[in-house]
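What follows is a set of notes on a single structure, which appears directly below.
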Amino acid sequence: MSCLDLSLQKIEPEVLKGAGVVAIYVGMHTATRIALQALPRIRQLAPQAHLCVYGLYAPMNEALLRGLGVGTVLGGELEPALLSLCKGLRINGNPKTQSESVISLCRVQFEVPDRSGLPKLSRYAHLVLPDGSTRVVGFAEGSRGCKHLCRHCPVVPVYQGKFRIVPVDVVMEDIRQQVREGATHISFGDPDFFNGPTHGLRLARALHAAFPHVTFDATIKIQHLIDHAELLPELRASGCLFITSAVEAVDDDILRLLDKNHTSRDFDRAVALTRDAGIALAPTFVAFTPWTTLEGTIALLERLVKLQLVESVPPVQLTIRLLVPEGSWLLKLPGFKEKLMAFDPELLGYPWVHPDSRVDRLQQDLQALVARCEEKRLPRREVFAAIWRLAHEAAAHPAPKPAGNLGAPIPRLSEPWYCCAEPTEQQLQSF
């Protein structure tokens, strides 16, 4: 068996030569875009191979994938089905139809991931500390799925409110092998580290007991930060440097439409709670939706200034446009689908046009602005100042200078990837 990571490596003809099955993992929107670009080349190099695409984004794009020659599509708790497929291919040859369920939520017996075929950890995103120093980052998965039903979330169409725990001993053995490779920080990839707060705390304690020098970060909902505020000091004592939280908006109407189960003021409360605990909060946003207004964009920027979070938000977060993939629970909103354009297989979603053309124009201008600033490696506060000016100009408002303390830099990962991020040109050149 051979493994290629197309976010870092090129397709190697020798690896694919003679392959009986090629399985492609699509855990994020970006990975799915890369997979779609790679599939024609893979079919050319391995015409006899059975193609399988698996991961969170596979089921919602099943029809598109099958049209590109993919024989098996798997999502959810898919390891048993993937193993069954490979065994069946070895015994019976290439099947004409898929026998495994596209989505399985059965409970599986987890094993420690074999990472031996992947590139070295040092080639992946690293931790950047406020003083500019860096650390090698490992990745661990303490749970899968989510018990919440946020309408825009890609987890929901697959797991539909269910989540699965990965045993602590399995997670720790995975972390142990990555620490041996040089990891001094672990990024927990759980959709929400506090879906099972007791389990999350056990993981934090076990990590700290085994490796006191290793720090970590996790993703936790605003609602959970408030509901389990008493656990935050122990998370910090166990090495938690920052928490990513999908705030998404500071407009209560938009939050209700997204079914986020928190309010705009809950965001303020979560900032205070994490700050009191000594943990940095890294909020993420869907800055542009069909319901966003120019005034709302300015209100978001003003809130970041007020909460001293300017340095805590990657500028690209202030340009992100709502993605509506196939199967999204946004499509359950009455009358919403009628406002969308036809599904775009290149975008992997339903395009939409804002009723106020100025909002779409601002989003495009900000996206171009941030891309230019990132090429120049400008500091976040300088990029924010440019975003601030452009947003006020779009609304025909004077742009006062942001007042007060904009906040200090926080620990962060070097690559601000998110589920709706577009692939970079460098990634697409892999094939």
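Bear in mind that the values in this text are calculations on the coordinates, not laboratory data. Computed from a prediction, not measured in an experiment: that's the story for all the values here. Cβ: placed from backbone, ideal geometry, glycine included. Neighbour counts: every protein chain shown.
Note that the range 68-74 has calculated 3J(HN,Hα) couplings of 9, x, 6, x, 10, 10, 9 Hz, one per residue in order, obtained from phi through the Karplus relation 6.51 cos²θ - 1.76 cosθ + 1.60 (θ = phi - 60°); glycine and proline are x.
By the beta-carbon count within 10 Å of each Cβ, the least crowded to most crowded order of Val383, Val247, Val102, fewest first, is Val102, Val383, Val247.
Rounded to the nearest 5, the antiparallel percentage of DSSP beta bridges internal to the chain is 25%.
Once the piece of chain linking Ala408 and Asp365 is laid out straight, how much longer is it, given 0.36 nm per residue of separation minus the C-alpha distance between them?
Length difference between fully extended and current span is 12.8 nm.
For the range 18-23, backbone phi angles converted through the Karplus equation (6.51, -1.76, 1.60; θ = phi - 60°) give residue-by-residue couplings of x, 5, x, 8, 10, 10 Hz, Gly and Pro being listed as x. Segment Arg180..Met341, full-extension length gain: 53.0 nm, with 0.36 nm per residue of separation and the alpha-carbon distance subtracted.
When peptides 52-60, 224-232 are ranked by their average number of other Cβ atoms within 10 Å per residue, the highest-first order is 52-60, 224-232. Orientation-averaged projection of the range 241-333 equals 6.3 nm² [convex hull of Cα atoms, one quarter of hull surface area].
Quick one: divide the alpha-carbon radius of gyration of the range 205-361 by 2.2 N^0.38 Å and tell me what you get.
For the range 205-361, the normalised Cα radius of gyration comes out at 1.19.
Once backbone amide H atoms are built at 1.01 Å from N, Phe285 has Glu248 as its partners under 5 Å, excluding neighbours fewer than 5 places away on the same chain. The computed semi-axes √(5λ) of the Cα gyration tensor in Å for the structure shown corresponds, within (1) 30, 28, 23; (2) 35, 27, 21; (3) 39, 26, 22, to (2).
With a cut-off of 12 Å between beta carbons, the residues surrounding Ala125 carry a summed charge of +1, where Lys and Arg count +1 and Asp and Glu -1. Report summary: the helix-based calculation at 222 nm, which adds -39500 (n - 2.57) for every DSSP H run with n ≥ 4 and divides by the residues of the chain, gives -11000 deg cm²/dmol. So how far, in whole Å, is the C-alpha centre of the range 299-317 from the one of the range 115-142? Taking the Cα centre of the range 115-142 as reference, the centre of the range 299-317 is 26 Å away. Using alpha carbons only, the radius of gyration of the range 13-104 set against its Kirkwood radius gives Rg/Rh = 0.93. Extension gain for the segment Ile11 to Ala206, taken as residue separation times 0.36 nm less the Cα-Cα distance, is 66.4 nm to one decimal.
Residues in the range 345-350 carry Karplus couplings, in order, of x, 6, 6, 6, x, 8 Hz; the curve used is 6.51 cos²θ - 1.76 cosθ + 1.60 with θ = phi - 60°, and Gly or Pro positions show x.
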